[in-house]
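The values are calculated or read from the model by the stated rules, or taken from the named source; none is laboratory data. None of these values were measured; they are calculated from a predicted model. FYI the Cβ positions are ideal-geometry reconstructions off the backbone, even for glycines, and counts take in every protein chain you see. Side chains are part of the model used for accessible areas, which takes the heavy atoms of the whole protein and leaves out ligands, DNA and RNA. Shrake-Rupley method; radii C 1.70, N 1.55, O 1.52, S 1.80 Å.
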Amino acid sequence: QTGPVIDMPVPASFNDITQDPSLENYIGWVWYEKEVLLPLRWLQGDPAPRVVLRFGSAHYYSIVWVNGVQVVEHEGGHLPFEADISSVVQASPGALCRITVALNNTLTPHTLPPGSIQYMTDKARYPKNYFVQNIRFDFFNYAGIHRPVVLYTTPPAYIDDITVTTTSSESAAVVQYQVAVVGSTAYSLSLSLRDQEGKVVATGDGAVGELKVLNPNLWWPYLMHESPGYLYSLEVKLQAELDGALLEDVYTLPVGIRTVHVTSSQFLINGRPFYFHGVNKHEDADIRGKGLDWPLIVKDFNLLRWLGANSFRTSHYPYAEEIMDLCDAYGIVVIDESPGVGIKLPESFGNKSLQHHLAVMEELVRRDKNRPSVVMWSVANEPASELPPAAHYFKTVIAHTKALDPSRPVTFVTDANYALDHGAPYVDVICVNSYFSWYHDPGHLEVIPFQLTAQFENWYKTYQKPIIQSEYGADSVPGLHSDPPLMFSEEYQKALLREYHSVLDKKRKEYVIGELIWNFADFMTNQGTTRVLGNKKGIFTRQRQPKAAAFVLRDRYWKIANESSCLPPVITSHSLFL
């Protein structure tokens, strides 16, 4: 017995697809079901292949059955999970394969992101059992199967994981690799590294080793080199013996050769100072919510490159692998952030929350560790890091992340007072969010130079670590104009940006290593008296049309790129740079 059954596209959030307001704000279990016919060659053979069911992501808690048999459970809404379903589907070849998913979007103090369910007990004002989902973050809690669901096969002995790290000098680079094989102990591995023309530049064998590359093409960020995002292809070939059968598995991994190093005042990529001039984003759009949408993704990358942005932070959760693939290919630098947003309540700093946070970092690092675009991990955004338990919590999460991946710096993004932040001692780069003359002293643009200068100097004096202005901005309603500038007008957003930029221009000569505007585009939030159909701090509308601030930022970013680049100067017009 079920409730009403409706068609639901995948990938997509379910919230905005129908005209039903109860589905828009639904909290609890929903069920998805689909039947597919698998090719017979997947189900037979000696040995038969391994059949895997993989979800790019589903928000938030998933239980999956195949033909009524539970195959996997997964907690967390922004990372992939999979199940080996071979024995279930091979038991009934030729029959339809029924895939059932139960999905729950409830957030508790121990989920990531956290939330809480509040029952309204005043019977004079609320019906019986009435409750609301409280969240302490400023974006809509879209739910559904947000990324592609695929079925794929491997041989029963297969390449399970590859880890690659790179080092380089002027004339040579070393690609260190580690390959994990599952399903057989009698196997051999051969590796070949090819350049973009398909020429083999290095070969190796065995599960652990290194490949030497002479005169390498390094992976450079966009606008830092005439050929940004250079990727080699590492082909890993497994030949294994299993019960007398010879099996072969091949996996090809894109590899970018680049190094990252942090000093007390600089962020170095391939030994050269890198300045983050970029954006914060959201996976968010009309109708599809957080569902993967290829036209939108490609449009966003074209806008990023038009803007002269060289970087973004995956605020406030890991983005789709398809987005990360394009960052690798285009040379867009990424601060890769976990879903640790809204960690505000004391109970969200306890052991139960901590253990889940560590597990999430393991999943994130496993997924993105080989990506040259990912130059830093961010474990959280705006936690209540002034609370005493934040010290142990962030010391542990950051140490765990560094143990998983010693090759990258680790940060979290703070809005706490520099003198009270218990997590900041453990980060490699200070990332600070501030909204002077917006949430503080609203309307008073004249206080920005004083307050922002003090912010940078206090943080640097305390920690001697490089600083990124990881969020700043103002809401503007497109088409709303006011001169002199008043809040919510396009002119006020422009004026606020220019006040920030004048301070940033002084401090980037010293120890400020980046600026990320909040936000790339307008996005949906919970309803509230300060939110008119969502957050309007985008420099583009939700439909990806520019506001006046987009042109201010574009002029600035191309100017910064031309100052620091080895490339010939670019004369900017308002055409698309490909």
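Averaging the sequence gap over all C-alpha pairs within less than 8 Å and six or more residues apart, then dividing by the number of residues, gives region 158-255 a relative contact order of 28 percent. When you restrict to C-alpha pairs under 8 Å that are six or more residues apart and normalise by the size of the chain, the relative contact order lands at 13 percent. The base-10 log of I(q)/I(0) for region 274-565, evaluated at q = 0.07, 0.09, 0.13, 0.16 Å⁻¹, reads -0.24, -0.41, -0.91, -1.43 [Debye formula, identical scatterers on Cα atoms, solvent excluded]. Heavy-atom accessible surface of S116, to the nearest 10 Å², is about 30 Å², with a 1.4 Å probe and all protein chains retained. In sequence order, region 241-254 has phi-based couplings of 10, 9, 6, x, 9, 9, 10, 10, 10, 10, 10, 10, 10, x Hz under the Karplus curve 6.51 cos²θ - 1.76 cosθ + 1.60, θ = phi - 60°, and Gly or Pro positions carry x.
Surface composition of region 158-255: carbon plus sulfur atoms contribute 46% of the solvent-accessible area (1.4 Å probe, protein chains only, all chains present). Solvent-accessible surface (1.4 Å probe) assigned to R531 amounts to roughly 40 Å². Here the peptides 56-64, 456-464 are ranked by packing, the mean other Cβ count within 10 Å, and the order with the highest first is 56-64, 456-464.
Taking the DSSP beta bridges in region 436-578 as the whole, what percent of them are antiparallel, to the nearest 5? Antiparallel bridges make up about 35 percent of those DSSP assigns within region 436-578. When peptides 558-564, 362-368 are ranked by their average number of other Cβ atoms within 10 Å per residue, the highest-first order is 362-368, 558-564. Subtracting the Cα-Cα distance of T263 and A399 from their residue separation scaled by 0.36 nm leaves 47.1 nm. What are the residues whose amide H is under 5 Å from the amide H of G115, where those residues sit 5 or more places off or on another chain and H is modelled from the backbone? Here T108, H110 satisfy the definition. Across region 187-197, computed HN-Hα scalar couplings (Karplus, 6.51 cos²θ - 1.76 cosθ + 1.60, θ = phi - 60°) run 8, 10, 10, 10, 10, 9, 9, 10, 7, 5, 8 Hz from first to last residue, x flagging Gly and Pro. Solvent-accessible area of region 388-490 (1.4 angstrom probe, protein heavy atoms only): carbon and sulfur portion equals 62 percent.
A quarter of the convex hull surface defined by the alpha-carbon atoms of the chain gives 29.0 nm² as the mean projection. Over 23 Å apart at the Cα level, from the set K290/K395; K395/K461; K290/K465, are K290/K395; K290/K465.
Calculated accessible area for region 274-565 comes out at 34 Å² per residue, all protein chains present (probe 1.4 Å; ligands, DNA, RNA ignored).
Rg and Dmax, both from the Cα atoms of region 158-255 and both in Å, are 15.1, 54. Residues whose amide H lies under 5 Å from that of S315, counting only those 5 or more places away or on a different chain, are K281; hydrogens are built 1.01 Å from N in the peptide plane. The helix-only estimate of mean residue ellipticity at 222 nm for the chain, built from DSSP H runs of length n ≥ 4 each weighted as -39500 (n - 2.57), is -6500 deg cm²/dmol after division by the residue total.
Take region 122-207 with all the other protein chains still there, run a 1.4 Å probe, and you get 53 Å² of accessible area per residue. Each of F450, F540 has its accessible area taken with a 1.4 Å probe; listed largest first, they run F450, F540. Using the Karplus relation 6.51 cos²θ - 1.76 cosθ + 1.60 with θ = phi - 60°, the per-residue 3J(HN,Hα) values for region 5-16 come to 10, 10, 6, 9, x, 10, x, 5, 6, 7, 5, 9 Hz, with x marking Gly and Pro. For Y435, the solvent-accessible surface computed with a 1.4 Å probe is close to 20 Å², ligands and nucleic acids excluded.
Averaging the Cα positions of each part gives two centres, and for region 36-66 and region 391-467 these lie 44 Å apart.
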